[in-house]
Amino acid sequence: SHGTQNSKSEWVNTLSAKIQQAPNYVADLFGEDPGLQVVRRESVTVRSKKPAALSVTWHPAKYAELVPSLLQEGRQAPADLIKLIEDATGQRVTSVRDDIEARESDAREAGHLGIRVGAPVLCVVWRWSARDELVEYGEQCLPPKHVIGYGYEMGEAM
């Protein structure tokens, strides 16, 4: 799962995981016409007994048969679904793009995160692709006082 720490005090409550028609903007991102079938997963990550993130991810529906855990709901340990998809398809993610925005929470986000409507949230939108095929599109909102971090490994100087 995107942005998790995988500590013993962290777990994911997958509220819904099902195949459905993609919203138009998601179908556009996958380069498909409206009507595209996708796996949509909505989850709340709980860290130290507090909601730490609300996430929604979309994957091509064809992955559901290859990776049955994409349709698993309920409480579970954080899972690296991208690795499971890579292993099942033989594809490797070759490009990643993250866009980050601070804004006010809407009613849905506030309800899941246990904050007031309009409280600040940090939202991350990501696209993980294997060559030219989008493997995962996701959106995540974090409440105040939760941090995300990125580690980088730099190649050797020439």
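Some points to look at:
- For the stretch 95-145, filtered to residues that are assigned to a loop (DSSP other than H, G, I, E, B) and modelled with pLDDT under 95, the residue that is least open to solvent (accessible area, probe 1.4 Å) is Pro144.
- If you go through the stretch 122-158 and keep only what is within 16 Å of the chain's Cα centre (by Cα) and basic (Lys, Arg), you end up with just Arg127.
- The condition of being among the hydrophobic types (A, V, I, L, M, F, W, C), modelled with pLDDT of 95 or more, out of contact with any Lys or Arg (no Cβ under 9 Å at 6 or more places or on another chain) and closer than 12 Å to Glu136 by Cβ holds for only one of Val56, Val44, Val38, that being Val38.
- Residues in the stretch 20-55 that are free of Cβ contacts under 8 Å to residues at least 40 places away in the same chain and in contact with a helix residue (DSSP H, G or I) (Cβ under 6 Å, 6 or more places away or on another chain) were compared, and the one that is nearest to Val96 (Cα to Cα) is Val39.
- Pairs where the first residue, in the stretch 96-112, is in contact (Cβ under 8 Å) with a residue 40 or more places away in the chain and the second is open to solvent by less than 90 Å² (accessible area, probe 1.4 Å) and of a type in the set (Lys, Arg), C-beta under 7 Å, 6+ apart: none
The values are calculated or read from the model by the stated rules, or taken from the named source; none is laboratory data. Please read these numbers as outputs of a predicted model, since none were measured by experiment. Please note: Cβ atoms are built from the backbone with ideal geometry, for glycine as well, and neighbour counts cover all protein chains shown. Heads up: the accessible areas ignore ligands, DNA and RNA and are worked out on the full protein's heavy atoms, side chains in. Shrake-Rupley method; radii C 1.70, N 1.55, O 1.52, S 1.80 Å.
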